[in-house]
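Q: After the structure tokens below, expect a handful of questions from me.
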Amino acid sequence: METIAIPAINLAPIMPEIILSCIAMLLLLVNVFVPSESKGYLGVLSLVGLVATAASVVSGWGQPVAAFGGAVQLDNFAVFFKLIFICSAALAILISDKYVVREEINHGELYPLILFATVGMMLMACGMDLMVIFLGLEVLSISLYVLAGFNRGSLKSNEAGLKYFLLGAFSTGFLLYGMALTYGATGSTKIGNIAGFVATNPQVATNSLFVVGMLLIAVGFSFKTAAAPFHMWTPDVYEGAPTPITAFMSAGPKAAAFAAFIRVMIVAFPTLKHDWTDLLWILAVLTMTVGNIIALSQDNIKRMLAYSSIAHAGYALVGFTACNPEGVAGILFYMLSYTFMNIGAFAVIVLIGKKGEANGNVQDFAGLGQKRPLLAAILCVFLFSLAGIPPTAGFVGKFYLFSAAIKSGYIWLAIIGVLNSAASVYYYLRVMVYMYFKPSEEDFDWVGMTPAIAVCLLLCVATTLVLGVVPGTVLELAQKAVQF
Amino acid sequence: MISHHLLTLLVFLPSLGALLILAVRKSDALARLVALGFAVAELVLSGYFFTLDTVHTLYPAPAGFFQYENVHWIDFFGIRYTLGMDGISLLMVALTAFITVIGVGVSWQGIKERVPLHFALLLLMESGILGVFLALDLFLFYLFWEVMLIPMFFLIGIWGHGRRIYSAVKFFLYTFLGSLLMLVAIITIFLMHGAQSGTYSFALVDLIGTKVPYDVGLWLFAAFLLAFAIKFPLFPLHTWLPDAHTDAPTAGSVILASLLLKTGAYGLVRFGYPLFPDAARAFTPLIYAAAVFGISYGAWIAFAQKDMKRLVAYSSVSHMGFVALGIAAWSPIALSGAILQMVNHGVTTGALFALVGMLDERTHSREIDTYGGVWGKVPALSFFFLLFCMASAGLPGLNNFVGEFLVLIGTFKVAPLPAGFAFLGMVLTLVYTVRLVQEILFGKERKPLVMHDLSLREGGILAVLAVGAVYLGVSPSPLLELVKGPVALLVGVK
């Protein structure tokens, strides 16, 4: 009798995804039995799940393992990114606790959805096959569409969910077309095989099917990283989505899109490097400039941070354009720093806000420096870090990215980058101007700290400062993570 | 153990005081006392360094530095925590410690809101400035250079007058923009040096040896010059200064004028010229032009001012022109003169801002038009006013004379034309100073003003400054002796 050869299945590389999916499904089940006033326990459980996942992720450090015929690969690059996703999910969950109670959207599904989104991101980071990356992206996106519209009673949140869904589906279409064309031109969806095909058949670089495929993939990822001119969805979605979800979206999913973007471009299309770095150069300049200039005139803080997050994607693109190990390590470091400084800032916004997303304008922060000195000082740390002023993580990150660009000879790009930083200082300072220089009309007596948010703020401030003053260890880890 | 880390102690002692003030925040009086305590302790500590004349360090120090600390920091980028003190740094450190005490003194009563925060910021400011004067690693220098802006931004914005918010933001953006381009230049020379030598380092001693192609050097020096010229401020990059000075609270103005402006000049002497000697030579005519024009222009515009504080602010543009002139000449005499002039200007202008602040506290007016016949009412205050105005105008026997004189004779040897024009500018200085003295102290009383004379605190502050002005004017040789060695080393570099 003929035996069917069953390929050896190695589940180790996707163990983190398995753990987190199981916990998320378990939470969905538990949710049914938990009364609505104690949904907070679900948050605690999901944090435990994230810690377990993190432990499983860390065990993959230093020994790249591929599985499923090379469709997924858990290497240092994936580990580093997965830890960023886990951090962003954990921090977002920490600040959700108070928010969902205030906005009366205390539905237990929030936590499993965040976890499913994290599973999607993790798949994107370790996918070596275009289909796996696409699968991860869809898991991520569908969870996010629901999360963006999670505040069912709010028109803005509904709008955010719908807008994100329509534009997200549109961009996914681009990405999928790009993948299909690339498959047509090279005969494989595995990015390693694509690279091999291109190496042995250099004439494919002139094949329009292939070139258009690569361009469409780039466009698809640019949508997801919110790079200008594909950023249009960002401000409305970020403003409308519930604040903790905005914090989450601006950190984790953006990093996930970068992870997949970097891996696909650098591994699959190295021979066309000169063409796509030219493209990235333009994308980086546009993204930084558009993000910063529009952020200058925003009154709503969430909207301002949305545009600023576009600008930050632009800084990361500077490192991507440099396309050297330093540039990629710079992106890794920057995404990690950005996760902490940005979610930290959002945590303060959650505290200052009132029911119905009220009190979200920069004017509403007037006098915070006098009435709540500690909270104001903490927000200052995040804002200085976002502006790239030493001694904070944001400064070291920008320093790394720009020096990578200069090393690759993109000195003009670095100059445009620092000029953009200077412009961005204005709108970050503006918040401080209101906090410290304007008289207060409010007494901020509704601002109540919860243990969860206190932990989140502490983690964010500590990380922002530690990465700014003694970044050595993390910089070395980021450097070691640059392997595909 | 501690004796090997005296410089670290020197830099961070004020920060410690600031943290203490913020942590306690019990009463305003306590905050004042703690601030004064730390400022005086810092002054004593900086005085202690005058007694250390031999090399006193664990780490092998570059020539000229008698205090040196050099430890690992961010090995990943080759960044080290390097602090070093030579005669020039020591003078600047002493000036900083001295002026900070004055700054605490002048804001003793004038500041009534958020008192602890104010004094904490003054001390943080001191730490930042000291760091700039002592850092010998370019990354560390840049870090202090930026950090220094933050307390001043809040000082102007919270306790300032008039268009304080506009001025605070303008000050921050203007100086931040200039320094960012310097950051690009720092990274560029860091990478060039690394590519040439194989070891990546931000240390000044290493980077000085970098072979920079001439045209690249021009760009890099231009980036450094832009950052320093904005702080200096050199004409035409001075436009932030009158706004910031005028709208800042008294202590803020004193520290801005006496200390922050010096960091620009110091940066040019310590980093700009030594790193890019060829490019610096190429830029010298431009610096001469900016300096000479700034001397006359500053004096000219000062003459037209109605607001006393704005007048003193523009006079700073004029006086700092002499410092730029001395640096551009880059000869031992001129450079020594420029360094001495930095100290002199710090003392004189600090005193003038303090005086304006005292008048303002009494009458709530800084308009020259409101005053007249002040001598008859408050003779003690008027005496000091006259003294510091004369010092500012360069009266022999007082401090500014020595510095300006040295700069002029030093420059005359290498560049007679700029020196000649600068001399003309000195005459203009006399014009606006005499006008100020005449309209305020003498002249007719224009509005009935009720004024009391100096309190003990105010008298003490002014007396200390006056002793400084006279001492520097009569006996500058110990100071010149102190900077002689480092200046010779610097000029020899070229």
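The values are calculated or read from the model by the stated rules, or taken from the named source; none is laboratory data. As the structure is a computational prediction, the values presented were derived from the model and not from experiment. Here the Cβ is made from the backbone with ideal geometry for all residues, glycine too, and neighbour counts use every protein chain on show. Each accessible area value is taken on the protein alone, full model and side chains, heavy atoms only, with ligands, DNA and RNA left out. Shrake-Rupley method; radii C 1.70, N 1.55, O 1.52, S 1.80 Å.
Q: For residue B:79, enumerate residues with amide H under 5 Å from its amide H, sequence gap 5+ or separate chain, H modeled in the peptide plane.
A: Result for residue B:79 returns B:74.
Q: Roughly how large is the A-B contact in terms of buried accessible area, totalled over both chains, probe 1.4 Å, nearest 100 Å²?
A: The summed interface area works out to 3300 Å².
Q: Beta carbons within 10 angstrom, averaged per residue: use that to sort the peptides B:241-247, A:275-281, highest first.
A: B:241-247, A:275-281
Q: Now for a separate question. Okay, helix-only estimate at 222 nm for the protein assembly as shown: each DSSP H run of n ≥ 4 adds -39500 (n - 2.57), divide by all residues, round to 500 deg cm²/dmol; what do you get?
A: -24500 deg cm²/dmol
Q: A drop of at least 50 square angstrom in accessible area, chain alone versus all protein chains together, probe 1.4 Å. Which residues of region A:389-433 meet that?
A: Correct list: A:389, A:390, A:395, A:399, A:406, A:418, A:422, A:429.
Q: Grab the beta carbon distance between residue B:36 and residue B:63, set R0 = 45 Å, and tell me the FRET efficiency rounded to 0.05.
A: Once the sixth-power term is evaluated, E becomes 0.75.
Q: From the phi angles alone, apply the Karplus equation (6.51, -1.76, 1.60; θ = phi - 60°) to region A:93-110 and give each ³J(HN,Hα) in whole Hz, x where the residue is Gly or Pro.
A: 3J(HN,Hα) across region A:93-110, in whole Hz: 5, 4, 8, 6, 2, 6, 4, 5, 5, 5, 8, 6, 10, 7, 9, x, 5, 3.
Q: What distance in nm separates the simple spin-label points at residue A:199 and residue A:34, each placed 7 Å from Cα in the Cβ direction?
A: 4.9 nm
Q: Please give every one of the lysines within straight-line cross-link reach of residue B:444, meaning a C-alpha to C-alpha distance under 26 Å, and leave out same-chain neighbours fewer than 8 residues apart.
A: Cα-Cα hits under 26 Å: B:306, B:309, B:377.
Q: Hey, another quick one. Given the Cα-Cα distance of residue B:361 and residue B:199 and 0.36 nm per residue of separation, how much length would full extension add, in nm?
A: Going from the current span to full extension adds 52.6 nm.
Q: Shifting gears a bit: Could you give the size of the charge dipole of region A:230-333 about its Cα centre, using +1 on the Cβ of each K and R and -1 on the Cβ of each D and E, expressed in debye and rounded to the nearest 20?
A: Charge dipole, region A:230-333, about its Cα centre: 180 debye, nearest 20.
Q: Just how large is the dipole of region B:252-386 about the Cα centre, in debye to the nearest 20, putting +1 at every Lys and Arg Cβ and -1 at every Asp and Glu Cβ?
A: Dipole of region B:252-386, to the nearest 20 debye: 80 debye.
Q: Sort A:244-253, B:91-100, B:390-399 by packing, meaning the average of other beta carbons within 10 Å per residue, with the highest value first.
A: The densest-packed peptide leads the list: A:244-253, B:91-100, B:390-399.
Q: Please go through the residue pairs A:354/B:112; A:98/A:163; B:170/B:262; A:355/A:438 and name each one whose alpha carbons sit more than 22 Å apart in this structure.
A: A:354/B:112; A:98/A:163; A:355/A:438
Q: Give me the 1.4 Å probe accessible area per residue for chain B, excluding ligands and nucleic acids, in Å².
A: Ligands and nucleic acids excluded, the figure is 33 Å² per residue.
Q: Could you order B:28, A:75 so the one with the most accessible surface comes first? Probe is 1.4 Å.
A: Largest accessible area first, the list is B:28, A:75.
Q: Here is a further query. In whole Hz and in residue order, list the ³J(HN,Hα) couplings for region B:354-370 that follow from phi through the Karplus curve 6.51 cos²θ - 1.76 cosθ + 1.60, θ = phi - 60°; x for Gly and Pro.
A: In residue order, the calculated couplings are 4, 5, 4, x, 5, 4, 5, 5, 7, 10, 6, 8, 10, 6, 4, 4, 6 Hz.
Q: Just need the relative contact order of region A:12-481 here, percent rounded to a whole number, with Cα pairs under 8 Å and 6+ apart.
A: Rounded, it is 15 percent for region A:12-481.
Q: Can I ask one more? Counting only protein chains, not ligands or nucleic acids, how are B:219, B:108, A:412 ordered by accessible area (probe 1.4 Å), most first?
A: B:219, A:412, B:108
Q: Got a number for the accessible area of residue A:371? Probe 1.4 Å, square angstrom, nearest 10.
A: Surface open to solvent at residue A:371 totals about 90 Å².
Q: Here's a follow-up. To the nearest 10 square angstrom, what accessible area does residue B:281 show with a 1.4 Å probe?
A: Counting only protein heavy atoms, residue B:281 exposes about 120 Å² to solvent.
Q: Percent relative contact order of chain B, based on C-alpha pairs within less than 8 angstrom and at least six residues apart?
A: Taking the mean separation of contacting Cα pairs over the length of chain B, I get 14 percent.
Q: Per residue of region B:329-340, in order, report the coupling 6.51 cos²θ - 1.76 cosθ + 1.60 (Karplus, θ = phi - 60°) as ³J(HN,Hα) in whole Hz, putting x for Gly and Pro.
A: Once θ is set to phi - 60°, the couplings for region B:329-340 become 5, 6, 10, x, 5, 5, 5, 4, x, 5, 5, 5 Hz.
Q: Can you give the accessible area of residue A:197, probe radius 1.4 Å, in Å² rounded to 10?
A: Rounded to the nearest 10, that gives 60 Å².
Q: Using 1/(1 + (r/R0)^6) with R0 = 56 angstrom and r between the beta carbons of residue B:48 and residue A:443, what's the FRET efficiency to the nearest 0.05?
A: E between residue B:48 and residue A:443, to the nearest 0.05, is 0.70.
Q: Right, something else. Each label point is 7 Å from the Cα along the Cα-to-Cβ direction; what then is the distance between the points at residue B:113 and residue A:66, in nm?
A: 6.6 nm
Q: Leaving out ligands, DNA and RNA, what percent of the accessible area of region A:12-481 is carbon and sulfur, probe 1.4 Å?
A: 70 percent
Q: Residue B:450 to residue B:27: FRET efficiency via 1/(1 + (r/R0)^6), r the Cβ-Cβ distance, R0 35 Å, to the nearest 0.05?
A: Given R0 = 35 Å and the Cβ-Cβ separation, E is 0.70.
Q: Per 0.36 nm of contour for each residue apart, how much would the distance between residue B:409 and residue B:214 grow if the chain were fully extended, relative to their Cα-Cα spacing?
A: Extra length from residue B:409 to residue B:214 when fully extended: 67.1 nm.
Q: Then there's this: Cα atoms only: what Rg and Dmax, in Å, come out for region A:12-481?
A: Using the Cα atoms of region A:12-481, the pair Rg, Dmax is 21.1, 70 Å.
Q: Among rounded, prolate and oblate, which fits region A:420-484 when a ≥ b ≥ c are the square roots of the eigenvalues of its C-alpha gyration tensor, a/c under 1.5 means rounded, and a/b larger than b/c means prolate?
A: oblate
Q: OK, next. Hey, how many Å between the Cα centroid of region A:335-369 and the Cα centroid of region B:401-472?
A: Measuring centre to centre over Cα atoms gives 50 Å.
Q: Averaged per residue, what accessible surface does region A:12-481 expose to a 1.4 Å probe, in Å²?
A: On a per-residue basis, region A:12-481 sits at 32 Å².
Q: Counting only Cα atoms, I'd like the Rg/Rh figure for chain B, Kirkwood definition for Rh.
A: Using Cα coordinates only, the ratio equals 0.96.
Q: Would you list A:87, A:460 from the most to the least accessible area, probe 1.4 Å?
A: Putting A:87, A:460 in descending order of accessible area: A:87, A:460.
Q: If you don't mind, there's one more thing I want to ask. Separation of region B:148-174 and region B:93-120 by C-alpha centroid, Å?
A: Measuring centre to centre over Cα atoms gives 16 Å.
Q: Just which residues of region B:71-92 lose 20 Å² or more accessible area with every protein chain there, against their chain alone, with the probe set to 1.4 Å?
A: B:73, B:74, B:76, B:77
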